[in-house]
Amino acid sequence: MTGLATRGATAKVNLALSITGRRADGYHLLDSLVVFTGFGDTLQAEPAAADSLDLDGPFAGALAGSPQADNLCLKARDGLRALAAARGHEAPGVALRLTKAIPVASGVGGGSADAAAVLHLLCDLWRFTADPDDLAQLALTLGADVPMCLANRPLRASGIGEALTFVDGLPALPMVLVNPGVAVSTPSVFRALESRDNPPLPAIPRLASVRETVAWLGGTRNDLEPPARRLAPAIDGCLDAIRQTGALLARMSGSGATCFGLYAADTEAQAAAAAIASRHPDWFVTATRSLASPA
């Protein structure tokens with residue numbers, strides 16, 4: 001095994017999200033344009049005599065009281081170890097440290113990104129070259145968002161989130177992420193949906209600039225935003241605060257409650273974040289930018 005390894009677990013933003021149906025097993029079908037950002041949690045892993053997980057960071061307290069059996073990082077570790085063992089590869093003890101910077105239950109895939117980061121980290125630490133299909137299948141058992149977080153690049157997700165098509169040519173998007181300190185239950189948001197058979201997203205053209213991207217997004221929506229706003233009215237205040245800064249687009253990500261604003265330049269996003277944070281010091285606010293499609 002190698003020594004200490006570190007990897008970022010970047011926040012996922014659903015720029016657009018359509019709910020297009022529901023399977024017989026209850027899972028909802030979706031069509032979403034997804035990007036990842038320069039902001040997120042941090043995972044560290046190093047060899048140890050026994051497994052462990054330490055938590056720190058501003059949102060570690062929200063996880064400290066949760067049963068370890070529910071922790072996606074540990075499920076990812078155990079699942080990868082089982083996969084390695086099935087291939088005759090040794091996967092000894094590991095000490096994990098999660099620095100939790102993403103708010104919990106916030107609609108930007110924090111737990112899923114953490115699980116994906118653990119899979120990447122431990123493949124490196126254990127020097128285990130997993131078959132990509134096996135790794136993708138393991139990721140899906142951990143959660144519908146984990147396969148896309150494993151990819152960590154602009155993509156279109158369909159099915160229940162496991163059918164991924166990479167999106168080429170998408171530029172980096174300056175943005176602000178805002179959460180009013182409200183955790184929203186994803187199952188509750190889905191139960192509150194009024195329509196589960198909505199049209200899919202339109203075809204995604206090659207988008208060469210922020211303004212072209214915003215113009216295309218103007219013809220899309222997040223079908224989970226209306227039910228989430230009914231369940232958590234604080235989301236309305238969040239969106240209003242973003243609009244007041246002159247954002248080109250303000251929308252909720254995923255099932256909420258985190259909202260995002262898109263801006264023409266990083267300096268505008270940074271100024272907007274400072275303005276929102278000064279008015280709402282108890283909210284989570286950060287300026288970041290999405291990761292562009294690989295050249």
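Coordinate-derived values only; no laboratory data. Quick caveat, the model's predicted, so the values are computed rather than measured. Here the Cβ positions follow ideal geometry from the backbone for every residue, glycine too, while neighbour counts run over all protein chains shown.
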Grab the DSSP H runs of the chain that are 4 residues or longer, score each as -39,500 (n - 2.57), total them, divide by all residues and round the 222 nm result to the nearest 500 deg cm²/dmol.
-9500 deg cm²/dmol
Under a GNM of the chain (C-alpha, springs under 10 Å), which listed residue has the highest mean-square fluctuation: Pro147, Pro174, Pro132?
Pro132
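How big is the shadow of the Cα convex hull of the stretch 52-201, averaged over all directions, in nm²?
Details: hull surface 44.1 nm².
Orientation-averaged projected area of the Cα hull: 11.0 nm².
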Length-normalised contact order of the chain, Cα under 8 Å, at least 6 apart, in percent, tallies to 24
Go through the stretch 153-227 and name the trypsin sites (Lys or Arg not before Pro) that are in a DSSP coil and have 13 or fewer other Cβ atoms within 10 Å of their Cβ.
Arg196, Arg206
Length gained if Asp51 through Ser209 is fully extended, taking 0.36 nm per residue and subtracting the Cα-Cα distance, is 52.3 nm
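Could you please rank Thr288, Thr99, placing first whichever residue has the fewest other Cβ atoms within 10 Å of its Cβ? Spell out each step's value before the answer.
On the way: Thr288 23, Thr99 19.
Fewest-to-most ranking of Thr288, Thr99: Thr99, Thr288.
How much space per residue, in cubic angstrom, does the convex hull of the C-alpha atoms of the stretch 174-289 take up?
Working: hull volume 11.0 nm³, N = 116.
Cα-based convex hull of the stretch 174-289, divided per residue, equals 95 Å³.
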Give or take rounding to whole Å, what are the principal axis extents of the alpha carbon atoms in the stretch 1-89, in descending order?
48, 35, 27
Ordered by number, the GluC sites (Glu not before Pro) in the stretch 184-276 that occupy a DSSP loop and have at most 15 other Cβ atoms within 10 Å are Glu194
Could you tell me which trypsin sites (Lys or Arg not before Pro) in the stretch 81-138 are loop residues by DSSP with no more than 15 other beta carbons within 10 angstrom of their beta carbon?
Arg87, Arg127
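Dipole magnitude of the stretch 174-289 about its Cα centre, charges +1 at Lys/Arg Cβ and -1 at Asp/Glu Cβ only, in debye to the nearest 20?
Values: 11 positive and 10 negative charges, 23 e Å.
Dipole magnitude for the stretch 174-289 comes out near 100 debye.
Could you tell me the ratio Rg/Rh of the chain? Both radii from Cα atoms, Rh via Kirkwood.
Numbers: Rg = 18.8 Å, Rh = 19.5 Å.
Here Rg/Rh amounts to 0.96.
Tell me, what is a quarter of the convex hull surface for the C-alpha atoms of the stretch 142-235, in nm² with one decimal? Please report the intermediate quantities before stating the final value.
On the way: hull surface 29.0 nm².
About 7.2 nm², averaged over all directions.
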